[in-house]
Every structure is written in structure tokens, then in C-alpha cells.
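Engineer: Structure below; questions to follow.
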Amino acid sequence: MNGIPTTFNEGLPAYTVVGGERCGHSGISAVLLSCREMIDRGSLYHSLKQVGFERILSIEEKCEEKCGEENEMTSFVPDIGQLSAAYPFVRFVLLSEPLSAGSQINLAATELPEDYFLVLRKDCALDPVNAETIIGETQDLCAVPLMFDKKGAALPIQPLVYRHREFSNGILRTKLAVPTAGSWSLFPFEGIGVYNRELFVRLGGYDNSIPDEYWQLMDFGLRAYTWGEAIRSTDAVKIVRSAGLAAYDIVIGESYRRFYLKNLSPVYRADAAYLPLRQFPSFLIKSGVPLPDAWNEFSVARAWVSLNAYRWKCDVRTLLQNGNKDKEAS
């Protein structure tokens, strides 16, 4: 397994950037994550331009569409030269390979110099708002917009920890709830949110070595809270989703093991965190991998924890025990 990145843009693959005139001077940009569904690009791009974003970044990857009488799926690469000519105020990024949401957000933070950026999916429509209002309501690492379906019903996009007492047995269970303005979220659902770029970079962004999107998001959220940052909902930004929410495919595998070692295993004492050697036998048994591989994974995580030891403000156990009702549900 690869080493754990020490910077937010470490390990990103090659990509191509085309176009992108500056739209304004608001200090906040918009980022559109890749999407394989057909969308009305014109309406989407122009509506974001009217908000007053300084730049608009649209991330693209190879798409699939049905063709022929048998409706077979065929891959094609978006023509970003043609898109740039049609929408000169949009900066297009063509990925050389598929990336998880978190890694796409890291890429965006690499490309955009603005202090803040709003991450959206391409099926998101913003309620009328201006860029200055969005910035004025953003005080934390990430502010998560309230989200609604096409009929106006609030969507359950707030990940919460529940039955936290089970964590004493090494189990962390979560559920989704409908957020209220100012409430805490374990992580930004689907990566959607307004990010403070300085705090994002300082935290290390998303871990590019965790390919599974769910565990990548969980890693980001728990690292944020145990390192003293916060992720809250905001009603300054409201989003209507044209597509249904996708369910996360939660797989207990390599990504989970890295998440577990980085977040659930470290112990905080005095003013630093460490990963005790006494935890290795239990990890070896539960991991289901050969001893040399398990020891390599454990050693890599232990070195990373040691490197960042003084960035912890608490460990997960203390976070859950001391969390208030906004942070968790019993």
C-alpha cells in the first residue's frame, strides 16, 4: 500500500486544463465535480456566473453513453476545446483517469488561488444568492449547504455518529439526518460544501491514497474534528438536486484499514497522539491480510501519526464522549 500523503496535492495524476477567464473579483470560486449524467451545461454555467464567482472550474472525465440499436455503452472524451470556445469564462479540467470526489477537490484547490471555493455536483442548482453572502457565512473549514429535492423536500445529507457507546468495541456507526443551519456534520456529503482554502490546505485536504470515496470523506471529517476544525451546515447556500442521492457502497477493505489506522486507532495523551504497538496484534487478526502486509500498513500509519502527533487536539474516543447533541445522536 502506498505511503500516506503529507500534502493535499501529493499523488494526483496528470490532467489537462483549458480556458478559464476570470468572471469577477469576489474571492470565491465554484467547482463542479465530474458527472456522467447528461446536463444542461449552458444554464448551469451561466447561473454560476451570475452569482459572481471569481472563477468557475468544471472537472471532466471520460463519459459513457448508449448508442446503437442494442443500446451498448460507449466511452467518449469530452471535447474541452469545443466547450471552452462555447463557455470562455469556465476553466475545464480533463482527468487522465477517474478520481474520487475528495481527490477532485484536492485538484481544484491546486488550480484555484481564491480564499474560498464552493464545490458542487453538476446536478445541483443554486437558490438565488451572491458570492459575498456565501463568504460572509463561512467561518469554518467547510460549510455544508442545505439541500432539497425538486419538490422542495429537505434531503438527509448530514452524517452523524449514533450509538457512540459501541465505539468502546471498535465500532463506529453513522446515519444520515436532515440538517439545520449551524448543525455539525461528520463530513460534507458527496464533498459538497464551501471550503476555506487556507484551512483546507493546512489540514492536508483529502487523502489521495484512500480511493474509496466513503472512507476518504470519513477520514477527512474525523481528521478535521480531532485536529480542531469544524464542518457545519449553512442556510446561506441552498441547493436543489435534479437527480436522486446516490447510496454509498461501503466496502470493508484496504481503504477502510487505512481509515481505521489513521483515525480510530491513535491515542491522545497530554498534548500529542500516538499509535500504540500493542494495537498491532488486534489489527493483524481483523485485517485478514498476511502478516508482512499488515505490518507494512500499520508501520506506514504509525509513522504518519508520529509525524503529525502534535496536530491532534483529541482522539476519536474523547471526541465522541464529549460531543454535544449537535455533533451526534444517541
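Engineer: Below 8 Å, C-alpha to C-alpha, sequence gap of six or more: please give me the relative contact order for the chain in percent. Working shown, then result.
Structural biologist: On the way: 638 pairs, mean separation 64.4, N = 330.
The value is 20 percent.
Engineer: When the accessible area of region 170-241 is computed with all protein chains present and a 1.4 Å probe, what percentage of it is carbon and sulfur?
Structural biologist: Values: 960 of 2050 Å².
Of all accessible area on region 170-241, carbon and sulfur atoms account for 47 percent.
Engineer: Amide H neighbours of Lys313 under 5 Å, at least 5 residues apart or on other chains, H built in the peptide plane: list them.
Structural biologist: Residues meeting the criterion, in which the H sits 1.01 Å from N, are Trp227, Gly228.
Engineer: Related question: Using 0.36 nm per residue, how much length does the chain from Thr180 to Ile250 gain when fully extended, once their Cα-Cα distance is taken away? Present the calculation step by step, with values, prior to reporting the outcome.
Structural biologist: Details: separation 70, 0.36 × 70 = 25.20 nm, distance 2.58 nm.
Extra length available between Thr180 and Ile250 comes to 22.6 nm.
Engineer: For the chain, what does the accessible surface come to per residue with a 1.4 Å probe? Please give it in Å².
Structural biologist: On the way: 15220 Å² over 330 residues.
Per residue, the chain has 46 Å² of solvent-accessible surface.
Engineer: For the chain, build the charge dipole from Cβ charges (+1 Lys, Arg; -1 Asp, Glu) around the Cα centre, then report which of Val144, Cys314, Leu44 sits farthest towards its positive end.
Structural biologist: Of Val144, Cys314, Leu44, it is Cys314.
Engineer: Give me the one-decimal nm value for the distance between modelled label points at Leu199 and Glu97, 7 Å along each residue's Cα-to-Cβ direction.
Structural biologist: 3.2 nm
Engineer: Nearest 5 is fine: what % of DSSP beta bridges in the chain come out antiparallel, could you say?
Structural biologist: Values: 28 of 50 bridges.
Expressed as a percentage, antiparallel bridges in the chain total about 55.
Engineer: Assign unit charges at the C-beta atoms only (+1 for Lys and Arg, -1 for Asp and Glu), then state the dipole size of the chain relative to its Cα centre in Debye, rounded to the nearest 20.
Structural biologist: On the way: 34 positive and 40 negative charges, 271 e Å.
Its charge dipole is roughly 1300 debye.
Engineer: Next question, about the same structure. So what is the 222 nm mean residue ellipticity for the chain from helices alone, if each DSSP H run of at least 4 adds -39500 (n - 2.57) and you divide by all residues, rounding to the nearest 500 deg cm²/dmol? Let's see the in-between values first.
Structural biologist: On the way: 10 runs with 94 residues, N = 330.
Estimated from H runs of four or more residues: -8000 deg cm²/dmol.
Engineer: Take the alpha-carbon positions of region 114-254, form their convex hull, and give its projected area averaged over all directions (one quarter of the hull surface) in nm².
Structural biologist: Details: hull surface 36.5 nm².
The directionally averaged projection comes out at 9.1 nm².
Engineer: Between Gln139 and Glu21, what's the calculated FRET efficiency when r is the beta-carbon distance and R0 is 35 Å? Round to 0.05.
Structural biologist: Working from the Cβ atoms, E equals 0.70.
Engineer: Over region 141-247, what is the relative contact order in percent, taking alpha-carbon pairs closer than 8 angstrom and at least six residues apart? Present the calculation step by step, with values, prior to reporting the outcome.
Structural biologist: Numbers: 175 pairs, mean separation 44.7, N = 107.
Across region 141-247, relative contact order equals 42 percent.
Engineer: Please compute the net charge surrounding Ala143, taking Lys and Arg as +1 and Asp and Glu as -1 over other residues with Cβ under 9 Å from its Cβ.
Structural biologist: Working: positive: Arg232; negative: Glu137, Asp140.
Computed value for this residue: -1.
Engineer: Now for a separate question. How much FRET efficiency would the formula 1/(1 + (r/R0)^6) give for Asp149 and Ser282, where r is the Cβ-Cβ distance and R0 is 45 Å, rounded to 0.05?
Structural biologist: On the way: r = 43 Å, r/R0 = 0.96.
Taking R0 as 45 Å, the efficiency between Asp149 and Ser282 is 0.55.
The values are calculated or read from the model by the stated rules, or taken from the named source; none is laboratory data. These figures come from a predicted structure and were not determined experimentally. Virtual Cβ from ideal backbone geometry, glycine too; neighbours counted across all protein chains shown. What goes into the accessible areas is simple: the full protein's heavy atoms, side chains included, and nothing from ligands, DNA or RNA. Shrake-Rupley method; radii C 1.70, N 1.55, O 1.52, S 1.80 Å.
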